[in-house]
Amino acid sequence: MSEEVQDARQLTDYYAQMVLIRRFELVADQMYKRARIGGYCHLNLGEEATVVGLMAALREQDYLFTTYRDHGYALARGMEPGRVMAELFGKSTGVAKGRGGSMHMFDAGLHMLGGYGIVGGQIPPATGAALALAYRTTAGPEAGAVLCQLGDGTTNIGAFHESLNLAAIWKLPIVYAIVNNRLGMGTAVEAASGEPDLYKRGASYRIPGERVDGNDPVAVRQGADAMLARAREERRPGLLELMSYRLKGHSVVDPAKYRSQSEVETAQAADPVPAFRARLLQADVLTEESARAIEDDAEEKVGAAVAFAENSPDPAPSELFDFAYAQDVPNAPRALPGDPLEVEL
Amino acid sequence: MSEIFMPRLSDTMEEGVIARWTKKPGDAVKAGEVIAEIDTDKATMELEVFEDGVIEQLLVEEGATVPIGQVVALVGPGAGGGTGGTTTAAPAAAAPEGPAAREPGTRVPMSPLARKIAREHGIDPDTLAGSGPGGRVVRQDVEAAIAALAPGGGAASAPGTGAPQATPAAPSGTGSKAAPAGGPPPPAVVAGPAAAAVPAAGTTAGAAADATEIPLTQMRKATARRLTESAAVPHFDLTIPVTVDPLLAFRADINARLAEDGVKVSVTDLLVRAVAVTLRRHPKVNSSWDGDRILQHRRVHVGMAVAIEAGLIVPVIRDADAKGLSVLARESKELAEKARAGKLRPEEFSGGTFTLSNLGMFGIEQFTAVINPPEAAILAVGASVAEPYVEEGALRERTVIRLTMTSDHRVLDGAVSAGFLRDLKQTLEEPLRILL
Amino acid sequence: MNAEPAQITYRQALNDTLRAELTRDPNVILLGEEIGKFEGSYKITAGLLKEFGPERVRDTPIAEEGFVGAAIGAAMLGLRPVVEIMTLNFSLIAIDQIVNHGAKIYGMFGGQTPVPVVIRFPGGGGQQLAATHSQNLEVWYAHVPGLKVIAPSTPADAKAMLTAAIRDDDPVIFLENLALYNTKGVVPDGEQVAEIGRAAVVREGTDLTVITYSRGTLIALEVARRFAEEGISLEVVDLRSLRPLDRATFCESVRRTSRAVVLEDDWLSYGIGAEISATLMECAFDYLDAPVRRVAAAEVPLPYAKPLELAALPDAEDLARVVREVLAATGFRS
Ligand SMILES: Cc1ncc(C[n+]2csc(CCOP(=O)(O)OP(=O)(O)O)c2C)c(N)n1
Ligand SMILES: [Mg+2]
């Protein structure tokens, strides 16, 4: 297989993944509004290229930790769309058996060790995962590494700095990937960060940083590849900043009134999904028909995911204490509200 | 939410005992429905609610003595629902200050353990003196009470508590320690003196050893109090024999005639009727002593003393002078039955103007009765006995009942009472007068 | 004739146990500030760096949130990190990682990945360390489902319970106490693994139950000895496990004695004693002859000055006084 053909297949695949995420998120938005989904629900709309590029760089032996904006990562890492949707629906077939919801996608087998709802919460455990890899494996081109995804706003939290410092002194195989979508919830990067060039924020820890175009999955992949390679081979952590923009509000209920119409229009003009489509059409990687087929396929997959989620059973209240502890011990509480104390004498 | 008070259910009642709750928290009740039986000094009464609702809370435990006016239960509109169970309250022996009875201060504080042991031994918490802080009744108080009740005064065990046995503090060493309930004997725990809750026990120890102690019922207490009052009344006794052969014949005749109606007239009924019509003619006797004056009653209400298990009670036939014999007979029968069942209502045993006490059925020929204050007199009726007598020189036989009238000398003088007795004798000896 | 069994300190028991577990399981690593070269603030890890090397006995920067979180992440990949936090007070900086992450990861992600981490720290005041360095906030952790919180009071328990904690698959908060490190006791040889979630009746008695844990157990035993001289028999229950809480053991005890006093090092309001008392209300109501009493720390930020510190912390005299009050309230006389 020629490199060109291989590339074409990969690019097509990237596009297919981007389209799948786009479709999934649009439908999630609808499902939320139809009250099928509860709680918070943060979408990757506009961030598809960052997700797909990062996941393309990640290998089977690697580990992934993300923020709560995690549906795309779950899909691109290989989770069944139906089980991701079922998690959003709170069904027992969900990837976390309906216990996590939107912010907490997880699949131990796929080494996706969680979306985390506490801002910055994933960073120390991701760093510890890299410590475990460093402790157990030797460096080399095939060694495992950790990818820790975070938002721009998250670079201001203490855990970020403590973790970067640990990764630096302990020489851990980890790449911190900042998806800079320019906003926290409504706070701009410039307003929140003393050093708004976020890729420079590793400088205090002598962690090399790089900024890439988050709207281009290929650029994202290449940036991540290079950093992951250093992590695998040299046990040097890296800080990757992906310039992106979210197309909608912070979460599905946010009308995003804090941005101007022109800002939104600029963003929409740069929407990575149609942009990548146009680029692949132009490069003859895709034809209109094959692009349509991909889009139809995504639509079908997401439709099937909704059907799967709809038809899945709710978790039974009797399963409430099923995962109270990994290792059972005597006297673990099992009382429901108002139950008399179970004191076996 | 309405408060259900301990009602005044007799003229002399000051406090009542909740003998039994017939409803529990959460039960719906209709106006007029009975929620408890109350032992008054006179009888067991029914406690009714005055409006529809749901029992929210029962504030006193069965067996507790409660002063008139204290709240014993709460009846709500029914939305809240009961909290379940009796609030294990028992009022302090002393009447609480003010009407609000729900203040915790009015409860006998009791540890849960003490309460449980008391319940198991059927001990009324209200009879216990608490030795704990704030008068809290604690385990040792209950155990002392149990020990005091038990023959020989030995300590009783508290079944089910698994608690160490209290060692009786009997100084003589005669009290035997109850056997430990299984398992190795627990180390002896020396509790306070067994007599702590029964201070009198020590003073009559010798006598008490051979006696069964019988706690006073409300009725016994009331009887004792009133008769003690009565003993202080200056009084005199007059006895008169009455020939009752015509009366007995009259009674047999009436009973034969009324048999179909199910009426059976007793000698007592005839006596009541005779007393009533005679009283109408002797208003001075139909009187009572009222401290600083005499009340002469316009209506004639005759009480008949009835002996029942719990003591003595006097159901009253109202307007006895105005009631026909059959009505009177039926009424007196009903009242006597109610009295024996402890079911008399207060108006049925209070407000008498004269009392009749009959011990004839026991063969007592003649006796004196103690006045039932504030009434002015009481009539003691002996047994009917056959007597020889001389008439026109010939020895004959007649049946005689001896009536002894005890009069309150503050109200009645000898001649007045004697006049009443003479007329009563005449009425009885010429029974047709009874019907007048 | 047998020689007296050797007594070792609580500190030594912990040190021995860490060594034994490091030796037994290569997945066990130690993390913490100054645990290596400095050999630990309280010398619990003395000698271990030399023996096991810096990969396994890892000094961390002063970054509680970072290294506690890192231990959690490492545990997710199957290591069994034992983290030392210098004192309980500094664990508050890591509380997000402990409560929001360590306690949640197994259950919230549907039971896919256990988090076998042990977080050790001493609590306790009484060393004139003033308010920020003298706290007993174990209830903060004991309140949280997903955590196991244990507090050994003797060197033997320190060994058996630390062994159990390291081998347990869930995050375990292992509460030590500054006042216990130098206490001595007999520690059985060989492998000892305690059962997490079990209290122990450490002294049997018939008249009153003292329920306590950690340092309080020593105080309670001392008070019980004094009372025994007067012929009063106190039972002492050492909770050992604050989560899960072994309610049955102390319920059963109080049902027998009908009197209970809780001795706790934490502040009174919302403390361990509140939980114990509420439990007794349910499980022993009909057996209580007096209200349950609590002997807890005065509710002030602990002052530095010795007389104030002494006044604020519960001690044997406080316990003895309350025990007497409860006995007196039930008319008890020995
Ligand atoms: C510790 C913490 N503080 C606050 C929040 C609320 N919160 C959720 S997302 C968010 C903004 C995060 O912004 P960023 O890191 O840029 O991520 P993005 O949402 O843009 O992907 C905030 C403040 C939180 N979840 N956790
Ligand atoms: Mg952002």
Exercise. Of the residues in region C:260-278, how many are out of contact with any Asp or Glu (no Cβ under 6 Å at 6 or more places or on another chain) and crowded, with 21+ Cβ neighbours inside 10 Å?
Worked result: 8
For this session: Answer yes or no as to whether C:Ser134 is surrounded by 24 or more Cβ atoms within 10 Å (Cβ to Cβ) and on the phi > 0 side of the Ramachandran plot.
Result: no
For this session: Would you mind stating whether A:Ala177 is within 13 Å of ligand 1 (Cβ to nearest atom), without any contact (Cβ under 8 Å) to a residue 60 or more places away in the chain, more than 14 Å from every other protein chain (Cβ to nearest Cβ) and out of contact with any Gly (no Cβ under 7 Å at 6 or more places or on another chain)?
Result: no
Exercise. If you check B:Ala207 against the conditions, is it exposed (fewer than 11 other Cβ atoms within 10 Å of the Cβ) and at pLDDT 75 or above?
Worked result: no
Problem set entry | In region C:247-259, residue surrounded by the fewest Cβ atoms within 10 Å (Cβ to Cβ) [restricted to those that are within 13 Å of chain B (Cβ to nearest Cβ) and in a helix (DSSP H, G or I)] | C:Glu252
For this session: May I ask you to list the residues in region C:17-42 that are in contact (Cβ under 8 Å) with a residue 60 or more places away in the chain, more than 14 Å from chain A (Cβ to nearest Cβ) and within 17 Å of C:Ile119 (Cα to Cα)?
Result: C:Thr17, C:Leu18, C:Glu21, C:Tyr42
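One line per residue, one yes/no per condition, for (1) modelled with pLDDT under 85; (2) out of contact with any Pro (no Cβ under 9 Å at 6 or more places or on another chain); (3) surrounded by fewer than 18 Cβ atoms within 10 Å (Cβ to Cβ):
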| residue | (1), (2), (3) |
| --- | --- |
| B:Lys343 | yes, yes, yes |
| B:Glu347 | yes, yes, yes |
| B:Phe354 | no, yes, no |
| B:Leu359 | no, yes, yes |
| B:Glu365 | no, yes, yes |
| B:Ala369 | no, yes, no |
Problem set entry | Restricting region A:84-123 to residues that are part of a strand (DSSP E or B) and more than 16 Å from ligand 2 (Cβ to nearest atom), the residue that is surrounded by the most Cβ atoms within 10 Å (Cβ to Cβ) | A:Gly114
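Any residue in region A:65-80 that is over 29 Å from A:Gly128 (Cβ atoms), more than 14 Å from every other protein chain (Cβ to nearest Cβ), in a loop (DSSP other than H, G, I, E, B) and within 16 Å of ligand 2 (Cβ to nearest atom)?
no
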Exercise. In region C:111-154, how many residues are under 18 Å from C:Glu195 (Cβ atoms) and within 16 Å of the chain's Cα centre (by Cα)?
Worked result: 10
Problem set entry | Residue match in region C:68-89 (condition: crowded, with 22+ Cβ neighbours inside 10 Å, among the hydroxyl-bearing types (Ser, Thr, Tyr) and more than 7 Å from every other protein chain (Cβ to nearest Cβ)) | no
For this session: Would you check which residues across region A:53-75 are more than 16 Å from ligand 1 (Cβ to nearest atom) and hydrophobic (A, V, I, L, M, F, W, C) and list them?
Result: A:Met55, A:Ala56, A:Ala57, A:Leu58, A:Leu75
Exercise. Is it true that some residue in region C:43-52 is within 14 Å of another protein chain (Cβ to nearest Cβ) and acidic (Asp, Glu)?
Worked result: no
For this session: Check off (1) crowded, with 17+ Cβ neighbours inside 10 Å; (2) within 14 Å of chain B (Cβ to nearest Cβ) for C:Arg333 and give me the number that stays unchecked.
Result: (1)
For this session: Could you figure out which of (1) surrounded by 14 or more Cβ atoms within 10 Å (Cβ to Cβ); (2) assigned to a loop (DSSP other than H, G, I, E, B) isn't true of A:Arg279?
Result: (2)
For this session: Restricting attention to helices (runs of 4 or more DSSP H) lying wholly within region A:151-235, give those where 3 or more residues are within 16 Å of ligand 2 (Cβ to nearest atom).
Result: A:189-192
Seminar exercise, completed: Only unsatisfied item for A:Leu43, checking (1) within 16 Å of ligand 1 (Cβ to nearest atom); (2) over 28 Å from A:Ala278 (Cβ atoms), is (2)
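Can you tell me which residue among A:Thr154, A:Thr137 is within 16 Å of ligand 1 (Cβ to nearest atom), of a type in the set (S, T, N, Q) and within 26 Å of C:Met76 (Cα to Cα)?
A:Thr154
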Exercise. Just a yes or no: is a residue in region A:22-41 closer than 27 Å to A:Ala145 by Cα, buried (at least 24 other Cβ atoms within 10 Å of the Cβ) and either within 14 Å of chain C (Cβ to nearest Cβ) or modelled with pLDDT of 95 or more (or both)?
Worked result: no
For this session: With the checklist (1) at the interface with chain A (Cβ under 10 Å from one of its Cβ atoms); (2) buried (at least 24 other Cβ atoms within 10 Å of the Cβ); (3) under 27 Å from C:Ala297 (Cβ atoms) in hand, flag the one item C:Ile93 doesn't pass.
Result: (2)
Exercise. Take the residues of region C:137-154 that are surrounded by fewer than 22 Cβ atoms within 10 Å (Cβ to Cβ) and outside any loop (DSSP other than H, G, I, E, B): which is nearest to the other protein chains (Cβ to nearest Cβ)?
Worked result: C:Val139
Exercise. If you take the residues in region C:53-67 that are over 24 Å from C:Ser134 (Cβ atoms) and facing chain A (nearest Cβ under 7 Å), which one is farthest from the chain's Cα centre (by Cα)?
Worked result: C:Glu55
Exercise. Which one of the conditions (1) in a helix (DSSP H, G or I); (2) within 14 Å of chain A (Cβ to nearest Cβ); (3) buried (at least 21 other Cβ atoms within 10 Å of the Cβ) does C:Asp286 fail to meet, given that it meets all the rest?
Worked result: (3)
Exercise. Inside region C:206-221, can you point out the residues that are farther than 18 Å from C:Leu178 by Cβ, within 24 Å of the chain's Cα centre (by Cα) and surrounded by fewer than 24 Cβ atoms within 10 Å (Cβ to Cβ)?
Worked result: C:Leu221
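Determine which member of the set A:Arg246, A:Arg201, A:Arg206, A:Arg232 is of a type in the set (Lys, Arg), at negative phi and more than 16 Å from ligand 1 (Cβ to nearest atom).
On the way: A:Arg246 fails: more than 16 Å from ligand 1 (Cβ to nearest atom); A:Arg201 fails: more than 16 Å from ligand 1 (Cβ to nearest atom); A:Arg206 fails: at negative phi.
The match here is A:Arg232.
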For this session: Just need a number here: residues in region A:98-132 that are at the interface with another protein chain (Cβ under 7 Å from one of its Cβ atoms) and either of a type in the set (Lys, Arg) or farther than 17 Å from C:Asp96 by Cβ (or both).
Result: 8
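Quick test for you: out of A:Leu164, A:Leu183, A:Leu172, pick the one residue that is more than 16 Å from ligand 1 (Cβ to nearest atom) and either in contact (Cβ under 8 Å) with a residue 24 or more places away in the chain or surrounded by fewer than 17 Cβ atoms within 10 Å (Cβ to Cβ) (or both).
Details: A:Leu164 fails: more than 16 Å from ligand 1 (Cβ to nearest atom); A:Leu183 fails: more than 16 Å from ligand 1 (Cβ to nearest atom).
It is A:Leu172.
The values are calculated or read from the model by the stated rules, or taken from the named source; none is laboratory data. These numbers were taken from a predicted model, which means no experiment stands behind them. Positions of Cβ are backbone-derived with ideal geometry, glycine not excepted, and every protein chain shown enters the neighbour counts.
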